[in-house]
Amino acid sequence: VRLVESGGGLVQPGGSLRLSCATSGFGFSVTTMSWYRQAPGNQREWVATITAGKNTYYTDSVKGRFTISRDNAINTVYLQMNSLKPEDTAIYSCYLRRNGVDFWGQGTQVTVYS
């Protein structure tokens, strides 16, 4: 299993970023995928989940601003982040659980600054 995130960066409040997580080594199209984030000094926090059937779920703080999606043709999951706030600053990682084992990407840094 391989998960490689990209798309992070520096952005001003109100800006947008699109994160990507390119995957390989498992049956992507039948796997629920999630995004998590971890800010300095904080515990890792769940952000969003998309099921194999493309049902989506979000933590309350990002509802209406973030959109998780997937492209099964290229085994990639995305996180479109709009109206970014300084409190969204964190390392964002994609995640899956397969056969009772957790898999994480290396993460991509998102920094929202004034």
Which condition breaks for residue 52 when tested against (1) of a type in the set (A, V, I, L, M, F, W, C); (2) surrounded by 13 or more Cβ atoms within 10 Å (Cβ to Cβ); (3) in a strand (DSSP E or B)?
-> (3)
Go through the residues of the range 92-99 one by one and say whether even a single one is within 17 Å of residue 11 (Cα to Cα) and in contact (Cβ under 8 Å) with a residue 60 or more places away in the chain.
-> yes
Taking the range 77-101 and keeping residues in a strand (DSSP E or B), open to solvent by 10 Å² or more (accessible area, probe 1.4 Å) and not hydrophobic (A, V, I, L, M, F, W, C) leaves 78, 80, 93, 95, 97, 98
Between a first residue in the range 35-58 that is closer than 16 Å to residue 20 by Cα and a second residue that is open to solvent by less than 90 Å² (accessible area, probe 1.4 Å) and assigned to a loop (DSSP other than H, G, I, E, B), which pairs have beta carbons less than 8 Å apart while being 6 or more apart in sequence or on different chains?
-> 47/59; 48/59; 49/32; 50/32
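Can we say residue 108 is among the polar types (S, T, N, Q), in contact with an Asp or Glu (Cβ under 6 Å, 6 or more places away or on another chain) and surrounded by 14 or more Cβ atoms within 10 Å (Cβ to Cβ)?
yes
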Pick from 73, 52, 48: which is closer than 16 Å to residue 110 by Cα and of a type in the set (A, V, I, L, M)?
-> 48
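Evaluate the range 30-43: report whether one residue or more is open to solvent by less than 60 Å² (accessible area, probe 1.4 Å), assigned to a strand (DSSP E or B), in contact with an Asp or Glu (Cβ under 8 Å, 6 or more places away or on another chain) and under 24 Å from residue 1 (Cβ atoms).
If we filter the range 30-43 for residues that are open to solvent by less than 60 Å² (accessible area, probe 1.4 Å), which is where we start, we get 31, 33-37, 39.
Subsequent filtering for residues that are assigned to a strand (DSSP E or B) retains 33-37.
Filter once more, so that each one left must be in contact with an Asp or Glu (Cβ under 8 Å, 6 or more places away or on another chain): 36-37.
Keeping just the survivors that are under 24 Å from residue 1 (Cβ atoms) gives 36-37.
Among the residues of the range 30-43, at least one is open to solvent by less than 60 Å² (accessible area, probe 1.4 Å), assigned to a strand (DSSP E or B), in contact with an Asp or Glu (Cβ under 8 Å, 6 or more places away or on another chain) and under 24 Å from residue 1 (Cβ atoms), which makes the answer yes.
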Residues in the range 65-74: is at least one outside any loop (DSSP other than H, G, I, E, B), of a type outside the set (A, V, I, L, M, F, W, C), free of Cβ contacts under 8 Å to residues at least 24 places away in the same chain and open to solvent by less than 50 Å² (accessible area, probe 1.4 Å)?
-> yes
Would you check which residues across the range 4-21 are closer than 14 Å to residue 95 by Cα and open to solvent by less than 50 Å² (accessible area, probe 1.4 Å) and list them?
-> 5, 19, 20, 21
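The values are calculated or read from the model by the stated rules, or taken from the named source; none is laboratory data. From a predicted model like this one, the values you see are computed outputs, not experimental measurements. In this analysis, Cβ positions are derived from the backbone assuming ideal geometry, glycine residues included, and neighbour counts consider all displayed protein chains. Side chains are part of the model used for accessible areas, which takes the heavy atoms of the whole protein and leaves out ligands, DNA and RNA. Shrake-Rupley method; radii C 1.70, N 1.55, O 1.52, S 1.80 Å.
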